[in-house]
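Heads up: the structure comes next, in structure tokens.
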Amino acid sequence: LSKTPATTTAGIQTALAPHIKQIQEAVGSIHKIRTTRDYDFHQKTIVEMLSSLSWVVMIPPPQTPSSYISETLSAAEFWSNKIRNKFKGVEGKEIHITFCDCVKFTIQNLAGYTKEYHALGLTWNPKGFKTLEEGANVLNSSTIVAASGDTASAAADTEVKSQCKPAGGGMAALVNELTSKRTTDGSSAATGLRKVTKEQQTWRKEFNPTEISVPATVSKVPTNSFSAAKEVTSSASKSPTLNFDSNAQTWRVEYQTDKSNTFLATDGGLLKVKVRDVKEQVYIYQCQNITIEISGKCKTIVVDSCSKVNVVFGAAISSCEVVNSKRIQVQTLGVCPTFAIDKTDGCLIYLSKETTSESSFVTSKSSEMNGTLNHPLNFVVALVLNQMSFSSASQH
């Protein structure tokens with residue numbers, strides 16, 4: 001099939017109809033055999049093994065040929081295990097055990113074959129022959145001509161064979177190309193690649209961006225180590241940003257410090273964020289020594305990887321989260337149902353009168369957490385415990 005163009009599912013079934021008919025006849029003949037009850041499980045095992053031959057019509061996704069064959073192995077083992085239990089301790093059991101082992105070996109090898117050569121199903125060649133019969137006739141005729149010693153026909157034969165190489169696109173072509181690059185000593189296209197450690201995998205908790213080395217730019221002019229290190233450091237610096245992502249409906253406040261010039265001096269040293277819709281969110285990332293004022297009612301506020309940052313906001317519909325930060329102060333002027341504090345050292349929450357009886361705290365792996373409640377007579381400082389859910393209403 002790798003020498004013919006791709007066709008529809010109906011075309012595949014039509015091309016494979018003679019072979020499928022033979023499989024169906026074999027299964028039907030097995031069902032018609034009338035043997036003793038001792039071999040009922042043997043017949044059912046063979047029927048399940050023959051069903052694995054239907055992998056040729058599998059078109060992933062969602063299922064690949066190798067995974068389909070593995071499922072048939074489970075079905076065949078269901079009956080073969082019954083054979084093992086039935087003839088356990090019986091004289092002459094070796095032949096039955098050998099039968100079960102041969103069935104398992106056959107299906108496993110078929111799964112390994114499809115995984116190596118047909119991982120994504122049958123491959124097709126858009127420049128190949130229209131039918132298998134046409135390709136067989138051309139190849140047979142070219143073989144005869146080449147054997148007679150005709151050099152011109154032999155060249156034509158070489159051209160025909162070159163057209164029969166799989167040239168499909170997509171993942172099938174990628175798998176075929178990687179397979180072709182495998183050498184006899186086991187080396188492949190991935191041999192020699194640098195191993196990525198846990199500290200360099202961003203989705204792991206061990207990820208440390210400071211340990212990732214930045215490749216220096218190769219220059220023809222020799223430079224000393226100090227200038228090269230200075231160039232790398234300057235290229236890795238981040239500029240402060242304050243923008244609104246309309247796709248995510250999120251205000252992004254990143255890399256702001258007391259020395260950044262994003263906010264105006266007329267604002268009294270405050271970085272102001274004006275929320276226009278309750279669906280908007282505010283994300284504060286890697287800021288230091290700064291006070292941020294959020295006016296309006298927003299959905300969620302997240303303070304991530306910050307140090308010595310003060311946040312004052314009007315109200316939040318969902319929650320206010322503080323993650324991976326140090327010495328953070330948060331004050332709400334309105335209602336905020338939930339405060340989540342995770343991996344933070346030093347966090348002080350000022351609650352307004354409206355939210356004192358409604359707010360709850362969810363904390364984990366944090367320390368030095370306090371909440372200031374707006375009591376009718378005076379402010380009350382309550383200790384927020386670690387690894388638990390805490391309600392401010394219980395302290396009111």
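Some notes on this structure:
- Within-15-Å neighbourhood charge of VAL330 [Cβ basis; K, R +1; D, E -1]: -3
- Summed side-chain charge close to ALA315 - residues other than ALA315 whose Cβ falls under 10 Å, Lys, Arg +1, Asp, Glu -1: 0
- Using 0.36 nm per residue and subtracting the Cα-Cα separation, the extra length available between ILE317 and LYS238 on full extension is 25.3 nm.
- Cα-Cα over 29 Å, subset of LYS21/LYS86; LYS198/LYS279; LYS86/LYS115; LYS93/LYS115; LYS205/LYS299; LYS205/LYS272: LYS21/LYS86; LYS198/LYS279; LYS86/LYS115; LYS93/LYS115; LYS205/LYS272
- Between GLN43 and GLN24, the simple spin-label model (points 7 angstrom out along Cα→Cβ) gives 2.0 nm.
- FRET efficiency, SER367 to GLU199 (Cβ-Cβ, R0 22 Å, nearest 0.05): 0.35
- Taking other residues whose beta carbon is less than 11 angstrom from the beta carbon of VAL302, and scoring Lys, Arg as +1 and Asp, Glu as -1, yields -1.
- Inter-site label distance for LYS343 and ALA248 at 7 Å from Cα along Cβ, in nm: 1.7
- Label-point gap, in nm, between SER357 and GLU206 - each point 7 angstrom along Cα→Cβ: 5.1
- In this calculation the C-beta distance from GLU116 to LYS274 is compared with R0 = 51 Å, giving a FRET efficiency of 0.25.
Read the figures in this text as sums done on the coordinates, not as results from a lab. Quick caveat, the model's predicted, so the values are computed rather than measured. Every residue, glycine as well, gets a Cβ built from its backbone with ideal geometry; the counts of neighbours run over all protein chains shown.
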